[in-house]
Every structure is written in structure tokens, then in C-alpha cells.
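Below is one structure, written out as C-alpha cells; comments come after it.
Read the figures in this text as sums done on the coordinates, not as results from a lab. These figures come from a predicted structure and were not determined experimentally. Note that each Cβ is placed from the backbone with ideal geometry, even for glycine, and that neighbours are counted across all protein chains shown.
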Amino acid sequence: MPSSHFMGSLSTPKVDVAIDTGNPFLNASVDGFLKIGTVAATRALAEEVYHAVDKGNLSSRSVEHALKKMCKEGAYWGTVAGVYVGMEYGVERVRGTSDWKNAMIGGAITGALISAASNKSKDKVVIDAITGGALATASKFINHLT
């Protein structure tokens, strides 16, 4: 019985843009903003291209809508990522250790801040803090699996 298999390795290109603000906290926050903001903008673009192809309609209005959505999504998710990376870095500096607890605390603080900034109720802020902490912790654990 014939069989086939794939052997090899795949690697992703590494793109690093270093912006040195002279402060490690700000460097980490800006780096998170840029990387995740770019991912969010790319996701928005892919979604808009899909809708344009699906409808068979590409107009200047749809391009303008896509650009606005890219900017909005990129700015929002970049801001969330920048706040999270900055909080995790700050917690690490305060605690003096690097472990999953920094991610949990940083995620919880970020969830609470973003929720509070959106004028949510006290209960929603607490729920968003719990969710932020859980997602950040899960992300750390997944990173250690690979």
C-alpha cells in the first residue's frame, strides 16, 4: 500500500520594527500596538475583500469603507494590545519575576480598563477583567506548549 508523508519545516518571516522611545515600558506598549494593530487591520481588509468578491462589487465607496474599517479595527485592537503588553511588563517589573501570573494580572487590569473606558457597568467591568485575565493566561499556557 503506497503512502506519502510530508517532511520539512515551515517558518514564518520575522518582521521587527524597533521604535526606541528610551523607555522599556513604552517600547513594549508601542511594539504591541503596532504588531496587533497590523494584524487587526489585515483581518479587516481580508473580510472586506471577501465581501467585495462575494457581491461582485468593488466601488470607491467600498474601498473607502474598507480603509475606515481597517483604521478603526487596527487602532482599537492595537490599543488593547498596547495596554496589555504595558500592564504585563509593569507587573513583571513590580513582582520581579517572569511567569504566567504576570499575564493573568496584566490581562485582568487591561480587561477592566478597556471595559471602564467604554462606560460599562461595575458588573461588566468585573466580568471583563476576569475574561481578560483568563484569555491572557490561556495564551501564555498555549505559548509554552509550542
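One table, with the values for the structure above:
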read-out	value
In the range 115-145, residue surrounded by the most Cβ atoms within 10 Å (Cβ to Cβ) [restricted to those that are under 20 Å from Ala75 (Cα atoms) and among the polar types (S, T, N, Q)]	Ser115
Any hit, the range 101-114, residues being surrounded by fewer than 17 Cβ atoms within 10 Å (Cβ to Cβ), in contact with a helix residue (DSSP H, G or I) (Cβ under 6 Å, 6 or more places away or on another chain) and of a type outside the set (Ser, Thr, Tyr)	no
